[in-house]
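Colleague: Sharing a structure, written as structure tokens. Questions coming.
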Amino acid sequence: MKLSELEAKIEAILFTMGEAVELERIAAATEQDEDTCRKVIRSMMDNYAAEYSDHRTGWCVSDVYESRYV
């Protein structure tokens with residue numbers, strides 16, 4: 001799976017769930033291992049934070065509690 005496809009899937013999961021989602025569930029839904037998902041999510045967090053600070057997006061990803069993301 002391409003990185004952009006994985007990012008899109010993770011973004012869709014987080015957006016549609018509307019609540020914190022455990023890393024384990026994200027990995028299962030994307031059929032990827034937890035370490036890969038964690039790395040992609042961390043990258044997404046950094047990218048969205050930069051875009052948010054530049055007023056290019058209102059979207060952000062946060063680690064709310066022990067590998068639960070929203």
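Colleague: In the range 2-44, what residues are assigned to a loop (DSSP other than H, G, I, E, B), out of contact with any helix residue (DSSP H, G or I) (no Cβ under 8 Å at 6 or more places or on another chain) and at negative phi? Please lay out each step first, then the result.
Modeller: Residues of the range 2-44 that are assigned to a loop (DSSP other than H, G, I, E, B), as a first pass: 2, 18-20, 31-33.
Remaining after also requiring out of contact with any helix residue (DSSP H, G or I) (no Cβ under 8 Å at 6 or more places or on another chain): 2, 18-20, 31.
Of everything in the range 2-44, those that are assigned to a loop (DSSP other than H, G, I, E, B), out of contact with any helix residue (DSSP H, G or I) (no Cβ under 8 Å at 6 or more places or on another chain) and at negative phi turn out to be LYS2, GLU19, ALA20.
Colleague: For the subset of the range 35-52 comprising residues that are within 14 Å of ARG68 (Cα to Cα) and charged (D, E, K, R), which member is surrounded by the fewest Cβ atoms within 10 Å (Cβ to Cβ)?
Modeller: Out of the qualifying residues, it is ASP35.
Colleague: Would it be correct to say that CYS60 is at pLDDT 70 or above and under 19 Å from SER4 (Cα atoms)?
Modeller: It is false that CYS60 is at pLDDT 70 or above and under 19 Å from SER4 (Cα atoms).
Colleague: I would also like to ask the following. Can you name every residue in the range 1-34 that is modelled with pLDDT of 95 or more, exposed (fewer than 14 other Cβ atoms within 10 Å of the Cβ) and of a type in the set (Gly, Ala, Ser)?
Modeller: ALA28
The values are calculated or read from the model by the stated rules, or taken from the named source; none is laboratory data. Keep in mind it's a predicted model, so treat the numbers as computed, not measured. Note that each Cβ is placed from the backbone with ideal geometry, even for glycine, and that neighbours are counted across all protein chains shown.
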